[in-house]
Amino acid sequence: MNDSTKQPQAPNHLNSTGCAIRCTPGKGRGVYAARDIPAQTVVEISPVLLFDQQEYAEHGRHTLLDHYTFVWKDGRMALALGLGSLFNHSSAPNVSYTLDTATESICYTTSRSIQPGEELCIFYGHKLWFEPVDVGAAVRNAVSNEEDDKALADDEALADDGFGGLAGLAVEENAMGAKDEDVLGPCPYDEGDSDEVLEDEDLPFTWLKPPPEEEEPGSVRTIQAWVVDIPDPRRTGRALKWLKDSKLESASEAALGHLKRIRKHGPTSALLLTAGPVAPTIPADLELSAPYTVSVPASAALTPPSLALKTALWPTNYTPRKKDAPEKWTRGRARGAWEAMRYVVRGAREAKGEGELPIFAHIPAVEGETPAFSARDTRHRTSHPLRHAVIDVIRQVAEYRAEAPSSASAGTIDIPATTTELEAKDEQTSATTDTPEIKNGQDYLLTGLTLFITHEPCIMCSMALLHSRVKEVIYLLPMHATGGCGGAACLPWLQGVNHRFRIGRWKEAKGERGTEVLKLNEGLDV
Ligand SMILES: C[S@@+](CC[C@H](N)C(=O)[O-])C[C@H]1O[C@@H](n2cnc3c(N)ncnc32)[C@H](O)[C@@H]1O
């Protein structure tokens with residue numbers, strides 16, 4: 001903890017929205033409610049001071065400032081003035097914030113109603129540089145200056161609950177009146193050795209089992225392609241040159257690139273031309289007969305038996321899928337999954353409380369590689385039918401990759417993956433404890449990443465996840481009529497797709513009281 005947090009006394013400060021500065025053991029100063037503050041109240045607008053990266057790297061990061069700065073959208077380091085730098089972290093924040101680049105300020109808004117004496121907390125992210133005293137947002141101030149003590153002692157809400165004011169915080173009641181534990185129950189992985197490898201059946205979700213990759217003779221998908229016979233092998237070279245020069249070869253690459261161009265039949269051979277509906281015109285000087293159509297495999301062969309089947313139709317390329325041994329899941333990782341799913345449920349409920357669909361997606365940070373990303377569904381607010389949570393979270397990763405923060409210092413605030421509004425998220429750039437060298441997924445956005453989501457993604461989103469090369473998708477509630485990860489279809493299991501991702505379906509959520517709030521119309525695309 002930084003030196004400032006050791007201060008026993010907090011300055012006497014009260015802003016016009018009823019926020020006061022007080023101290024808590026282990027956390028230092030924090031922002032507390034001095035009176036009732038309704039949900040959705042703007043409690044603070046903090047201007048920010050911006051430092052350029054170099055100046056910060058040389059000076060700022062070696063000072064106390066390092067505990068207060070974070071990366072601004074343009075890569076500069078930012079320090080919030082006013083109360084902004086005094087909001088402590090909680091994993092159950094009651095304040096969300098948005099960065100405004102136009103006014104170079106941060107706006108802090110309560111995400112639920114706050115009672116007098118409660119601490120107002122934001123979420124710094126999953127990578128903390130200190131040991132959090134994380135008692136949620138509802139904890140009462142325990143140490144303060146004398147005046148504060150008196151004020152708080154008068155406050156009925158401060159009555160000791162017998163647990164030093166901590167009871168009930170892990171199961172914080174949310175705006176929708178339901179509790180986190182109603183959905184997931186208490187985390188069964190809290191106790192025990194974090195490195196213990198768990199069997200699949202001991203995980204909180206069930207991996208869906210993909211069908212075997214083998215194709216049957218009747219199941220090989222084919223397309224029609226134009227070919228021409230080359231009776232004399234001496235004409236093959238000229239024919240190939242013409243195919244290349246005429247650009248037919250490159251134009252048909254997407255449809256036919258998984259096939260060889262030439263098929264030999266004893267002394268004659270056949271040349272694969274195009275896949276279009278119209279027969280290509282062959283120059284007379286090539287002295288070839290008229291082209292005709294044949295059925296050719298629609299995709300490359302993934303296994304030796306499939307290669308044999310496909311090559312019987314037309315010589316096909318063999319591109320076995322790279323098989324990584326399935327990763328072992330440890331108790332610590334299962335605990336992380338539980339936390340991620342709890343976070344997702346909370347985000348969905350907050351979204352619902354604010355008039356959106358209760359759908360929330362979250363990609364946890366990968367240490368030293370990527371920060372966390374989260375998004376809610378915003379199709380109501382934006383009146384845009386494609387603003388699904390998955391699409392928006394992929395977009396965030398894309399923006400992060402594009403901006404590729406060049407440096408971030410230890411101890412900077414990891415701009416959180418909160419349920420803050422989408423535009424806010426657009427403004428945010430996450431910072432990690434070290435320069436996040438982009439090791440994986442530079443070409444494919446989600447390589448190596450796991451997505452947690454309240455509901456099974458729809459077919460569009462499943463396809464987007466496939467194109468982004470996500471590693472795993474773990475969802476709480478299946479969408480039987482519309483889901484693309486095992487419900488209506490299973491996109492990563494389709495034959496011919498060139499990437500598969502693992503799908504985990506949460507075990508315990510169905511039928512629990514708390515999932516009521518997450519219920520959606522069966523026919524809705526998530
Ligand atoms: C942005 S400052 C917040 C204000 C700070 N408490 C102060 O007194 O100046 C961030 C620092 O506060 C402390 N902090 C914030 N949230 C905390 C938490 N939940 N538990 C422990 N320390 C916390 C850490 O020392 C961190 O480096």
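Just so it is clear, none of the values below were taken in a lab; they were calculated from the coordinates. Remember, it's a predicted structure, so these values are computed and weren't measured experimentally. Don't worry about glycine lacking a Cβ; one is built from the backbone with ideal geometry, like all the others, and counts go over all protein chains shown.
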For the range 246-262, take each phi angle, set θ = phi - 60°, evaluate the Karplus expression 6.51 cos²θ - 1.76 cosθ + 1.60, and give the result in whole Hz per residue in order, putting x for glycine and proline.
6, 6, 5, 5, 5, 5, 9, 4, 4, 7, 10, x, 8, 10, 6, 7, 10
Using r as the Cβ-Cβ distance of Asp232 and Ala290, and R0 as 25 Å, what FRET efficiency do you calculate, to the nearest 0.05?
0.95
Starting from the amide H of Thr222, placed 1.01 Å from N in the peptide plane, find each other amide H under 5 Å away whose residue is 5 or more places distant or on another chain.
Ala298
What does the highest-first list of 489-502, 198-211 look like by mean Cβ count within 10 Å?
489-502, 198-211
What pairs in Lys73/Lys519; Lys471/Lys507; Lys352/Lys507; Lys352/Lys471 have C-alpha atoms more than 25 Å from each other?
Lys73/Lys519; Lys352/Lys471
Using amide H atoms built 1.01 Å from N in the peptide plane, name the residues 5+ places from Gln40, or on other chains, whose amide H lies under 5 Å from its own.
Thr110, Ser111, Arg112
For Thr69, enumerate residues with amide H under 5 Å from its amide H, sequence gap 5+ or separate chain, H modeled in the peptide plane.
Ile413
Could I have the simple spin-label model distance between Glu201 and Gln54, label points 7 Å from Cα toward Cβ, reported in nm to one decimal?
6.2 nm
Asp245 and Glu367 label points (each 7 Å along its Cα→Cβ direction) are spaced in nm at 6.1 nm
For the range 217-313, radius of gyration divided by Kirkwood radius, i.e. Rg to Rh on alpha-carbons:
0.97
Order by protection proxy (mean Cβ within 10 Å, highest first), peptides 17-24, 381-388
17-24, 381-388
